[in-house]
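Chemist: Right, I'll just put the structure down here and ask away after.
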């Protein structure tokens, strides 16, 4: 399964030392809370979702300039 490139705003970044144990392997070492542009007018706590980095799912993040 693939998700096309998507523009997201980063709301928060967390590093986990040691990696966070969610019950899957490998355990993620960081988390990015992201919000889609169309949801920026909502309460940030409920507008986005967390992407876990360093786990088994390949995620590529690239900063963009407007």
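Bear in mind these aren't lab numbers, they're just calculated from the coordinates by the rules spelled out. Being a predicted model, the structure only gives us computed values, none of them experimental. With ideal geometry, Cβ positions are generated from the backbone for all residues, glycine too; neighbour counts draw on all protein chains shown.
Chemist: Based on the Cβ-Cβ distance of residue 27 and residue 3, what FRET efficiency does E = 1/(1 + (r/R0)^6) give at R0 = 22 Å, to the nearest 0.05?
Modeler: Efficiency, from the Cβ-Cβ distance: 0.45.
Chemist: For segment 1-58, rounded, prolate or oblate, judged on the Cα gyration tensor with a ≥ b ≥ c (square roots of eigenvalues), a/c < 1.5 rounded, else prolate if a/b > b/c?
Modeler: Oblate is the answer for segment 1-58, as a/c is 1.5 or above yet b/c matches or exceeds a/b.
Chemist: Right, another one. Using a Gaussian network model of the chain whose springs link C-alpha atoms within less than 10 Å, name the residue from 55, 11, 23 with the highest mean-square fluctuation.
Modeler: Taking springs between Cα atoms under 10 Å, the residue moving most is 23.
Chemist: Given contacts defined as C-alpha pairs under 8 Å and at least six residues apart, what's the relative contact order of the chain, whole-number percent?
Modeler: Answer for the chain is 29 percent.
Chemist: So for the pair residue 39, residue 13, with labels modelled 7 Å out along Cα→Cβ, what separation do we get in nm?
Modeler: 2.1 nm
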